[in-house]
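> Just dropping this structure here.
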Amino acid sequence: MLKVSLTHDVDRTQKTYQYLTGFVKGLRKGNFSEALYHITPQKKEPYWNIYDIAKLEDSYGLRSTFFILDESIKFNPLKPSTFALAVGRYDMFEPKIQDALRYLDKNGWEIGLHGSFLSYNNKELLGREKSRLESIIGHPVLGTRQHHLNMDDTTWKIHEELGFLYDSTWGSNYDIGFVDGKIKPFHPHGNKFTVFPLSLMDVCFMPIQNKWERFEKLLDEVEQNDAILVVNYHHRVYNEKEYPGYKASYIRIIESALKRNAEIAPLIKFYNKLA
């Protein structure tokens, strides 16, 4: 049977500097309506899509995993690369975010931790992020994925020591498919701690010209190897105006899997079946 796990990295819940960058991009393309859109106040925050995704998944009787980010990195003017990480991040203790997390948790979605950019080799920092998230949902957080898929030789050891049961960082930022031939969930330490390879991420998938042909082949590979297709669609891309085609492609992924009678579940449910 085909197995699929839908996941969402919640990197941002509010659009900030992207208003300006979107405006500039529109002007460069000579698309003035697009440029104007990005500086026109919106009735709804474009990146606030948690409930919309939950409603869609619920319409199919499905549940997914939401990985929640607790980014604390400070902007360093000497390191421009920190700008996008530091500006526009959210506070998970904001009332509307707490409400959303508790709603998801209460209604069968899984809440995991999206380890911050510098936490992949910092046990103290990652442990603090885990504890903060647990204080909101009221029980242990069992799964994680590192921001930007950052990791080194210490990452999984830290994850296990902090009480995580699984990680889903292993994957590519540049392409779909499996990395280094690791297709099935594996146990890097020879015990129950499990790594679920990530094989389809939205920003890698959408630019591919023959993406649906490759997607079907990926489903074949997963099914033939009794593996799990782990899909990552960042929650902000659900807004069709901001990310044309992304929502439709997510729906097509779901429906394609269901046509194959796939089992679709949060990662923790697949972990419990393997344990």
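The values are calculated or read from the model by the stated rules, or taken from the named source; none is laboratory data. Remember, predicted model here, so these are calculated numbers, not experimental data. Positions of Cβ are backbone-derived with ideal geometry, glycine not excepted, and every protein chain shown enters the neighbour counts. Areas reflect the complete protein model, heavy atoms only, side chains present, ligands, DNA and RNA absent. Shrake-Rupley method; radii C 1.70, N 1.55, O 1.52, S 1.80 Å.
> How many residues does the range 255-272 contain that are more than 23 Å from HIS114 (Cα to Cα) and in a helix (DSSP H, G or I)?
Residues in the range 255-272 being more than 23 Å from HIS114 (Cα to Cα) and in a helix (DSSP H, G or I): 5 in total.
> Further, regarding this structure: Criterion first (within 22 Å of the chain's Cα centre (by Cα), modelled with pLDDT under 70 and more than 28 Å from PHE270 (Cα to Cα)) does THR16 satisfy it?
yes
> How about the range 168-184: which of its residues are within 18 Å of the chain's Cα centre (by Cα), open to solvent by less than 50 Å² (accessible area, probe 1.4 Å) and not aromatic (Phe, Trp, Tyr)?
Correct list: SER168, THR169, GLY171, SER172, ILE176, GLY177, VAL179.
> Look at GLY88 and say whether it is small (Gly, Ala, Ser), modelled with pLDDT of 95 or more and surrounded by 15 or more Cβ atoms within 10 Å (Cβ to Cβ).
Here the answer is no, as GLY88 does not meet what is asked.
> While we're looking at this one, here's another question. So, of the residues in the range 226-250 that are assigned to a loop (DSSP other than H, G, I, E, B) and modelled with pLDDT of 95 or more, which turns out to be farthest from TYR51 (Cα to Cα)?
Ranking the qualifying residues of the range 226-250, first place goes to ASP226.
> So, one more: When the range 194-203 is examined, which residues are found to be within 13 Å of SER249 (Cα to Cα) and either touching a Phe, Trp or Tyr at 6+ places or on another chain (Cβ under 6 Å) or in a loop (DSSP other than H, G, I, E, B) (or both)?
Residue satisfying the conditions is ASP202 alone.
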